[in-house]
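Colleague: To start, I am sharing the structure in question, which I have written as structure tokens.
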Amino acid sequence: MKFLCIECDEQMSFETREQPGDGTFAAAFACPKCGRRIAMLANPIETQLVSSLGVRIGGRTLDEQPMELIRSSVAGRADAFVDEKDKASAPTHARPQWSAEATERLARVPSFVRGMVKRIYTEYAVDNAIEEITPEVMDRARTELGLEGM
Amino acid sequence: MSFRTYAQVTGGDTSGLAEQVGRQRARVTERLRDVKRVVAVISGKGGVGKSWVTGALTRELARLDFSIGVVDADLQSPTIARMLEAKGPLVVGDDDVQPARGVADVRVMSMDLLLDEERPLRWASDPGESHAWRSVAENGALREFLSDVRWGALDVLFVDMPPDAQRLADLTMLVPDLAGAITVTIPSLESRRSVARAIRVARDLDVRLLGIVENMSGYACAACSDVRPLFNGDAGASLAKEFDVPLLATIPFSPSPSDAVDAEVRELASKVAGTLNLTAPIHDAATQRVAASSIQPQALGPKP
């Protein structure tokens, strides 16, 4: 998929993406020559189709997670998956702490996919030497990693 | 106004959707690198006991010390995990998910391990018009069953396909070097017609037909050891003749443990091992005899 600035006959560059709600998927592109910006809005069915393909508009910013599509899309049992690290009772002292607000927000993530989401935020915090995961950290990770909907 | 074509706009596609799909496929290939053979079990018809045959065959081969895995590709009606007594939860690592382990250490991945008891497969987001995206999502789930599970080294990975014969095309897209397909039918004329269609689909896809299994081929009487007719027809034999493929086994129906069933399952495993050129594990002849004598395929429970 390519977007062309008709005025400049230039291919537009991907800028950002977001899921503002109602199943809408939004992606912004800009012309590198004149700076004109456009937004592509996908309706919920188009969003679902792209999501079902397991691809990311604008490209991937994060490696594919194990069973990412299944874990984020199937309405399954809450205890279907267990994290290897949790199972091994890995020491937690070296891992970032979750603030109460972040924990509360994480609890709102569907249980089927919660483990995967928690792992992504945790790894983001470890990579960035963040000792405590707060809602602000989660927002920053979402933007930087392209985790819309998580 | 006139537009250039997609190819004429020479800048890269920032989304790289084709590349993303290419990486998904490559991930399947890489994951199956140590799997010697991938075999589909197909029928083209529901209710012929395809999953039972898959379960009995895989269990038998595993008991002979072959390394066996099973993907339950029947996402809407998954049964193989229960048949092989494989249970969750599934353990998620950094890059993959460990398969569940069933009897005889068969590695299993099935939607049955992920769904609540007796609940159908539902998608967390369902904006409607599911006919437009459901098969795409199901194909994605099958892809992840193949690409994201730590299958390790296997002699054979069986894929228990759903009744819809066209789904074989989805599998060949993901696994182009499929070792072949085993076709399951019951004796009836109705089954013959449906299974013939599935065989033609396989032929169109250049999938090698390893043979036909006729399931519920008579009724094994527990009281007198006789096998009596159950369905009219000889679909297994006639399909084998028409398509010039081996009839691998004719397995009778039995609601209880049956020597007749066990014998046919052993015969089936032996022929499949031979057809796939599976190298016998390291056992000497004496060990092989012990292993053979301990095989109890009826432990899978009554046939459907």
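The values are calculated or read from the model by the stated rules, or taken from the named source; none is laboratory data. These numbers come from a predicted model, not from an experiment. Quick reminder, even Gly has a Cβ in these numbers, built from the backbone with ideal geometry, and neighbours come from all protein chains shown. Just so you know, the surface numbers come from the protein's heavy atoms only, side chains and all, with ligands and any DNA or RNA stripped out. Shrake-Rupley method; radii C 1.70, N 1.55, O 1.52, S 1.80 Å.
Colleague: Only one of (1) within 12 Å of chain B (Cβ to nearest Cβ); (2) touching an Asp or Glu at 6+ places or on another chain (Cβ under 9 Å); (3) open to solvent by 20 Å² or more (accessible area, probe 1.4 Å); (4) at pLDDT 80 or above fails for A:Phe81. Which number is that?
Modeller: Every condition holds for A:Phe81 apart from (2).
Colleague: Could you name every one of the strands (runs of 3 or more DSSP E) located completely within region A:22-125 that has at least 3 residues being under 14 Å from the mean Cα position of the chain (by Cα) and under 23 Å from B:Gln20 (Cβ atoms)?
Modeller: On the way: elements: A:24-30, A:37-42, A:81-83.
Qualifying strands (runs of 3 or more DSSP E): A:24-30.
Colleague: What number of residues within region B:142-170 satisfy the criterion of being surrounded by fewer than 18 Cβ atoms within 10 Å (Cβ to Cβ) and in contact with a Pro (Cβ under 9 Å, 6 or more places away or on another chain)?
Modeller: 2
Colleague: Now a separate question. If you check every pair at least six apart or on different chains, which have Cβ atoms under 8 Å apart with a residue in region B:32-57 that is without any contact (Cβ under 8 Å) to a residue 24 or more places away in the chain first and a residue that is among the charged types (D, E, K, R) and assigned to a loop (DSSP other than H, G, I, E, B) second?
Modeller: Qualifying pairs under 8 Å: none.
Colleague: Pull out all pairs, ordered by first then second residue, where Cβ-Cβ is under 7 Å, the residues are six or more apart or on different chains, the first lies in region B:229-245 and is among the charged types (D, E, K, R), and the second is at pLDDT 95 or above and open to solvent by less than 80 Å² (accessible area, probe 1.4 Å).
Modeller: As it stands, the answer is B:Asp234/B:Pro187, since those pairs meet every condition given.
Colleague: Something else: Which strands (runs of 3 or more DSSP E) does region B:1-100 wholly contain that include 3 or more residues that are within 14 Å of chain A (Cβ to nearest Cβ)?
Modeller: Working: elements: B:38-42, B:68-72, B:90-92.
Ranges flagged: B:90-92.
Colleague: For the list (1) surrounded by fewer than 21 Cβ atoms within 10 Å (Cβ to Cβ); (2) within 23 Å of A:Gly54 (Cβ to Cβ), I need the number of the one condition that B:Ser188 fails.
Modeller: The failed condition is (2).
Colleague: Condition check: in contact with a Leu (Cβ under 9 Å, 6 or more places away or on another chain), modelled with pLDDT of 80 or more and open to solvent by 70 Å² or more (accessible area, probe 1.4 Å). Does A:Leu69 satisfy that?
Modeller: On the way: in contact with a Leu (Cβ under 9 Å, 6 or more places away or on another chain): yes; modelled with pLDDT of 80 or more: yes; open to solvent by 70 Å² or more (accessible area, probe 1.4 Å): no.
In short, no.
Colleague: Checking B:Asn139 against (1) within 11 Å of chain A (Cβ to nearest Cβ); (2) touching a strand residue (DSSP E or B) at 6+ places or on another chain (Cβ under 9 Å); (3) polar (S, T, N, Q), only one condition comes out false. Which one?
Modeller: (2)
Colleague: How many residues does region A:38-66 contain that are among the β-branched types (Val, Ile, Thr), more than 7 Å from chain B (Cβ to nearest Cβ) and either open to solvent by 40 Å² or more (accessible area, probe 1.4 Å) or on the phi > 0 side of the Ramachandran plot (or both)? Working first, answer last.
Modeller: Of the residues in region A:38-66, the ones among the β-branched types (Val, Ile, Thr) are A:38, A:45, A:47, A:50, A:55, A:57, A:61.
Checking the rest, the ones that are also more than 7 Å from chain B (Cβ to nearest Cβ) come to A:38, A:47, A:50, A:61.
Those left that are additionally either open to solvent by 40 Å² or more (accessible area, probe 1.4 Å) or on the phi > 0 side of the Ramachandran plot (or both): A:38, A:50, A:61.
Within region A:38-66, residues that are among the β-branched types (Val, Ile, Thr), more than 7 Å from chain B (Cβ to nearest Cβ) and either open to solvent by 40 Å² or more (accessible area, probe 1.4 Å) or on the phi > 0 side of the Ramachandran plot (or both) number 3.
Colleague: Scan region B:166-223 for residues that are in a helix (DSSP H, G or I) and not acidic (Asp, Glu) and report the count.
Modeller: Result for region B:166-223: 21.
Colleague: For B:Arg197, are the conditions met, namely being open to solvent by 30 Å² or more (accessible area, probe 1.4 Å), touching a Gly at 6+ places or on another chain (Cβ under 6 Å) and modelled with pLDDT of 95 or more? Show your work before the answer.
Modeller: Values: open to solvent by 30 Å² or more (accessible area, probe 1.4 Å): yes; touching a Gly at 6+ places or on another chain (Cβ under 6 Å): yes; modelled with pLDDT of 95 or more: yes.
For B:Arg197, the condition - open to solvent by 30 Å² or more (accessible area, probe 1.4 Å), touching a Gly at 6+ places or on another chain (Cβ under 6 Å) and modelled with pLDDT of 95 or more - is met.
Colleague: Please specify each residue of region B:101-134 satisfying the condition of being of a type in the set (Ser, Thr, Tyr) and facing another protein chain (nearest Cβ under 10 Å).
Modeller: From region B:101-134, those of a type in the set (Ser, Thr, Tyr) are B:110, B:125, B:130; that's our starting set.
Hits for region B:101-134 are B:Ser125, B:Ser130.
Colleague: Ok, one more. I'm checking my understanding of the structure. Among residues of region A:1-37 that are open to solvent by 60 Å² or more (accessible area, probe 1.4 Å) and among the β-branched types (Val, Ile, Thr), which one is farthest from B:Ser15 (Cα to Cα)?
Modeller: First, the residues of region A:1-37 that are open to solvent by 60 Å² or more (accessible area, probe 1.4 Å): A:1, A:6-7, A:9-10, A:15-16, A:18-20, A:22, A:32-34, A:36-37.
Within this subset, residues satisfying the condition of being among the β-branched types (Val, Ile, Thr) are A:6, A:16.
Working: A:Ile6: 20, A:Thr16: 11 Å.
The residue in question is A:Ile6.
Colleague: Answer yes or no as to whether B:Asp226 is under 21 Å from B:Asn139 (Cβ atoms) and acidic (Asp, Glu). Spell out how you get there, then give the answer.
Modeller: Values: under 21 Å from B:Asn139 (Cβ atoms): no; acidic (Asp, Glu): yes.
Judged against the criteria, B:Asp226 is not a match.
Colleague: Looking at B:Asn139 and the list (1) at positive phi; (2) open to solvent by 10 Å² or more (accessible area, probe 1.4 Å), which single condition is not satisfied?
Modeller: (1)
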